[in-house]
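First up is the structure itself, then whatever we jot down about it.
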Amino acid sequence: MGIVLKQSLNNTLITYFGFVIGGTNLLFLYTRFLTDEYFGLVNVILSASAVLMPLLAFGVPNTLVKYFAGFQEGRSRDSFLTLMLLLPLVLIFPLALISQIANEAIGDFLSKENPVVKGYVWHIFLIGVAMAYFEVFYSWAKVKMKSVFGNFMKEVFSRIIITTLLLLIYLDVISVVTFLNILVLIYLFRALIMMGYALKLQGLKLNLKLPDNTMEMVSYSALIILGGSAAIVLLEVDKVMINQFIEIENVAYYSVAGYIAITIAVPSRSMHNITYPLTAEILHNNDIKGLKRLYQKSSLTLFIVSGLLFLLIVLNLHDLYDFLPESYRGGYMIVVILGLAKVYDALLGNNNAILYNSDFYKALLLMGVLLAILTILLNLWLIPQYGLDGAAIASFLAFFIYNTIKLIYVKVKFNIQPITKETAKVFLLLIGISSLLYFVKLPFHPLINIPLKSFLIVVPYVFVLYRFKISDDVYGVLSKYMEKIRR
């Protein structure tokens with residue numbers, strides 16, 4: 001776990017830095033410098049682009065990670081990477097043509113409830129293309145065990161520029177329409193920078209000769225489109241569907257609550273950047289003992305961190321909402337519901353990496369597609385009935401079912417599972433601290449209440465983890481910091 005923990009820590013720090021910037025944008029700048037309608041529009045554009053991205057990427061990011069180790073340096077690797085570079089164009093070109101021919105019809109569909117969306121079909125498509133190729137080159141870097149720069153570009157780069165643009169809107173230097181046009185350029189430029197970095201790590205001489213196992217890889221990529229699309233549907237489709245049923249301003253309110261909850265998933269995202277290629281290598285070597293060890297350690301580490309984040313967020317949420325405009329303060333239950341889904345997701349450790357890089361990915365992808373359909377149906381039922389809470393409940397149910405199926409499937413096929421007695425200890429610790437502090441209401445200003453209550457949460461949590469050595473990896477990290485403090 002050495003390289004995993006080191007790069008995961010670096011990625012976590014970068015990701016949280018990006019989340020601080022993103023949180024500043026989302027909670028303070030967007031909510032004050034854009035109208036609720038335009039803030040909702042930005043979220044619809046980015047969410048629709050994210051839903052489109054797996055289709056445009058043609059499954060290449062996962063295929064690149066899975067098959068890279070099987071090609072030796074030289075012409076065979078060049079032919080493989082050339083295929084990975086060109087494969088997304090198989091869908092990008094025809095979809096671009098469809099977007100041009102059917103632009104009016106697509107715009108009418110997206111703007112059925114909110115007419116402001118109609119003029120932004122090409123914004124959605126171009127950002128989707130940029131996201132797709134960014135992920136391709138990010139995976140290109142990951143297979144060289146270099147994930148930190150890509151994580152910086154993904155989590156920090158665009159958010160810093162958006163902060164600048166929002167300030168320019170506030171100063172009346174640019175209009176909101178100009179901001180939306182520049183948003184497209186930001187994502188395209190980010191993809192180009194990632195391309196340059198990836199090619200520096202692993203050079204490429206174009207070789208149009210197809211590898212011997214091309215059909216196998218194309219079939220895998222096509223199936224991964226389904227799996228990737230299913231995963232993104234589970235994450236993003238709620239915001240797109242809110243736009244279809246209720247006023248677009250509600251997308252902004254839901255996005256703020258969702259952003260608060262999604263901070264729980266940051267450690268998972270950071271660790272997966274390095275566990276994906278490591279898991280692929282372990283499976284390539286058929287090392288089941290190593291796979292079990294990585295599975296359980298990644299699960300325990302992520303559960304410890306995500307559980308703590310869940311407590312920090314939920315127990316401080318009332319104070320945090322005091323900083324937001326009145327219209328954004330109704331999302332408490334959304335944060336709790338989506339937060340629980342993220343904690344359960346973290347508990348699965350590198351489960352996704354195991355399944356996507358094994359020979360059993362086809363069955364999982366089929367399950368993913370069925371559950372994506374279930375998610376859409378749940379949203380169709382619950383959003384008209386319960387509004388934003390209905391969207392959150394639909395997402396939770398979809399994640400719970402999907403993750404439970406994956407947990408059972410890995411147990412059946414590999415005879416390994418991530419939960420250990422240490423997991424139970426962490427669960428009891430979380431229940432104990434939340435029971436003690438949930439009803440504690442501090443009488444001070446939120447700027448004092450939040451740090452003070454966070455201190456009351458973190459200190460006993462870390463003390464128990466350190467004193468009883470519940471996780472070897474976490475204990476090792478804490479020991480280093482304790483040694484520095486002693487010195």
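Remarks
- Ordered from largest to smallest accessible area (heavy atoms of protein chains, 1.4 Å probe), the residues ARG77, ARG486 come out as ARG486, ARG77.
- Over the chain: helical MRE at 222 nm, DSSP H runs n ≥ 4 each giving -39500 (n - 2.57), nearest 500: -26500 deg cm²/dmol
- Within the full protein context, the accessible area of PHE137 is estimated at about 10 Å² for a probe radius of 1.4 Å.
- When each of LYS292/LYS453; LYS154/LYS209; LYS200/LYS413; LYS66/LYS342 is checked by Cα-Cα distance, pairs over 29 Å: LYS292/LYS453; LYS154/LYS209; LYS200/LYS413
- Three-way shape call for segment 50-200 based on the alpha-carbon gyration tensor, with the a/c threshold at 1.5: oblate
- Projected-area mean, the chain, by convex hull of Cα positions, square nanometres: 23.9
- Once the 1.4 Å probe is applied to the protein heavy atoms, the chain comes out at 44 Å² accessible per residue.
- What a 1.4 Å probe finds exposed on segment 144-298 is 64% carbon and sulfur by accessible area, rounded to a whole percent.
- Dipole orientation for segment 336-486: of the candidates GLN417, ASN379, TYR475, TYR475 has the Cα lying most toward the positive pole (charges on Cβ; Lys, Arg +1; Asp, Glu -1).
- DSSP-assigned coil residues among trypsin sites (Lys or Arg not before Pro) in segment 90-195, each with at most 16 further Cβ atoms within 10 Å: LYS112, LYS144
- Solvent-accessible area of segment 338-398 (1.4 angstrom probe, protein heavy atoms only): carbon and sulfur portion equals 71 percent.
- Here's the list of lysines a cross-link from LYS118 could span, going by alpha-carbon distance under 20 Å and ignoring same-chain residues fewer than 8 apart: LYS239.
- Counting only protein heavy atoms and a probe of 1.4 Å, the accessible surface of segment 1-91 is 68% carbon and sulfur.
- For GLU483, the solvent-accessible surface with a 1.4 Å probe is about 80 Å², rounded to the nearest 10.
The values are calculated or read from the model by the stated rules, or taken from the named source; none is laboratory data. Model, not experiment: these values are computed from the prediction. Every residue, glycine as well, gets a Cβ built from its backbone with ideal geometry; the counts of neighbours run over all protein chains shown. Calculation scope for accessible area: heavy atoms of the full protein, side chains included, ligands and nucleic acids excluded. Shrake-Rupley method; radii C 1.70, N 1.55, O 1.52, S 1.80 Å.
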